[in-house]
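The values are calculated or read from the model by the stated rules, or taken from the named source; none is laboratory data. In this text, all values refer to a predicted model and were calculated from it rather than measured experimentally. Glycine also receives a Cβ, built like all others from the backbone with ideal geometry; neighbour counts cover every protein chain displayed.
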Amino acid sequence: MSRYIGPRNKISRRFGKFIYGNKKYYFKRKYAPGQHGILKYRKKRKSYYSIQLLEKQKIKYMYGILEKQFKRMFNIVSKKKGITGELLLQMCERRLDNVVYRIGYAISRIASRQLVTHKHIKVNNKIINIPSYNIKVGDIITLENKMKKNINILNTLIINKKYIKNWLKWKEEIMGAECLRLPNINDIEDKINTQLIVEWYSR
């Protein structure tokens, strides 16, 4: 199961936006990585090719997806009816590791991915350990029973549960959430220009 294991703060600094890493170090050095990162000439006008590439890379790092898998996802949604860019973003948002993060079980997608791979997450009362598993409308996402008493998860839920997305409904009695509908582009606070990504892969 492949995943990015390189420097994390450098990724956020490259895009000029906090994606993952340590917020303290990102805000301390909010300029591009490298010995010339802070110099003005690094802020020169980017080519359209560069803008497309950066937008594609940004969404990949956000959701923790590598190039081969991301391209395969694009090929799948490009054959469906609808706006390709929005369908691609929807497919990323429906990933189980992202849904676990959206519910508030984990403080980051990296932490939520670990919960999934360690078999701590159930979908419709069945343990699923595949981070890329796509959630469907009506699915119920809950914790494995012993993890419902985990102090770290309980503390994270206290902070993050109030930010749960409106396409997910929190159910207190089961300490889980139900997928009410498929997410749309308006449900995602990180504004992504999906048209640039479609243009990149359509070259």
Within region 168-183, is there a residue that is surrounded by 17 or more Cβ atoms within 10 Å (Cβ to Cβ) and closer than 30 Å to Lys46 by Cβ? yes
Of all residues in region 184-198, which are surrounded by fewer than 17 Cβ atoms within 10 Å (Cβ to Cβ) and either touching a Cys at 6+ places or on another chain (Cβ under 6 Å) or assigned to a helix (DSSP H, G or I) (or both)? Ile185, Asn186, Asp187, Gln195
List every residue pair whose Cβ atoms lie under 6 Å apart, where the two residues are 6 or more positions apart in sequence or sit on different chains, the first residue falls within region 145-166 and is touching a residue at least 40 places away in the same chain (Cβ under 8 Å), and the second residue, located anywhere, is of a type in the set (D, E, K, R) and assigned to a helix (DSSP H, G or I). Lys165/Arg102; Lys165/Asp187
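Looking at region 111-121 only, could you name the residues that are buried (at least 16 other Cβ atoms within 10 Å of the Cβ), among the β-branched types (Val, Ile, Thr) and within 21 Å of Lys60 (Cβ to Cβ)?
From region 111-121, those buried (at least 16 other Cβ atoms within 10 Å of the Cβ) are 111-113, 115-116, 120-121; that's our starting set.
Next cut, among the β-branched types (Val, Ile, Thr) only: 116, 121.
The one that is buried (at least 16 other Cβ atoms within 10 Å of the Cβ), among the β-branched types (Val, Ile, Thr) and within 21 Å of Lys60 (Cβ to Cβ): Val116.
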So for region 53-70 (the condition being polar (S, T, N, Q) and either at pLDDT 95 or above or in contact with a Pro (Cβ under 7 Å, 6 or more places away or on another chain) (or both)), does at least one residue qualify? no
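Taking the condition of being touching a Lys or Arg at 6+ places or on another chain (Cβ under 6 Å) and either in the same structural domain as Lys60 (by TED's automatic domain parsing) or among the hydroxyl-bearing types (Ser, Thr, Tyr) (or both), how many residues in region 99-132 meet it? Working first, answer last.
Looking only at region 99-132, we keep the residues that are touching a Lys or Arg at 6+ places or on another chain (Cβ under 6 Å), and these are 101-102, 104, 127, 129, 131-132.
Now restrict to residues that are either in the same structural domain as Lys60 (by TED's automatic domain parsing) or among the hydroxyl-bearing types (Ser, Thr, Tyr) (or both): 101, 132.
Residues in region 99-132 being touching a Lys or Arg at 6+ places or on another chain (Cβ under 6 Å) and either in the same structural domain as Lys60 (by TED's automatic domain parsing) or among the hydroxyl-bearing types (Ser, Thr, Tyr) (or both): 2 in total.
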Residue ID - nearest to the chain's Cα centre (by Cα), chosen from residues in region 108-128 that are more than 17 Å from Asn150 (Cβ to Cβ) and part of a loop (DSSP other than H, G, I, E, B): Ile128
